[in-house]
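S.K.: Sharing a structure, written as structure tokens. Questions coming.
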Amino acid sequence: MMNRIIIKGRLTRDPELKTGSSGIEFCKFTVAVDRRRGKDKEKETDFFDCTAFGQTGVAISKYFTKGREILVEGRMESSKSDKDGVKRTFWGVTVDTFEFCGGKNDAAPAEAPADPSGFTPVETEELPF
């Protein structure tokens, strides 16, 4: 069995970073994804509620704001609610990885993200040879 989803769209609001009761940080945000149903049809928009945990969530909350384009990969998960006898199922994306997207019109991050490999870039003038 496989449960993978990849979406690319724009954040509808600034991400919210929170800390759960277990002390784990998580980030909640919504991604709007445009689509067309046919060649001459108007575009429609789907909205995906996303949650990213740990360092992934911290990075998204730090480098993304409303309107920024993002690509996320993760899995669809459902949760059920029973309020006043009305049963509901909510679907969301639990984010495993993300990528920066967008063109020149997208705002650049306040600072470049750290290299995930743990290495710090060095200017060639700093090299001893």
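The values are calculated or read from the model by the stated rules, or taken from the named source; none is laboratory data. In this text the structure is predicted, and so the values were computed from the model without any measurement. Cβ sites come from the backbone with ideal geometry, for glycine too, and all protein chains shown count toward neighbours. Only protein heavy atoms, including side chains, enter the accessible area calculation; ligands, DNA and RNA are left aside. Shrake-Rupley method; radii C 1.70, N 1.55, O 1.52, S 1.80 Å.
S.K.: Filtering region 46-84 down to residues that are surrounded by fewer than 14 Cβ atoms within 10 Å (Cβ to Cβ) and acidic (D, E), which residue is nearest to T19 (Cα to Cα)?
M.R.: Taking the candidates together, the pick is D49.
S.K.: Consider region 22-37. How many of its residues are hydroxyl-bearing (S, T, Y), at pLDDT 95 or above and either more than 14 Å from K66 (Cβ to Cβ) or open to solvent by 80 Å² or more (accessible area, probe 1.4 Å) (or both)?
M.R.: Number satisfying all stated conditions: 0.
S.K.: Could you run through region 38-78 and say how many residues are at negative phi and assigned to a loop (DSSP other than H, G, I, E, B)?
M.R.: Looking only at that region, the number is 9.
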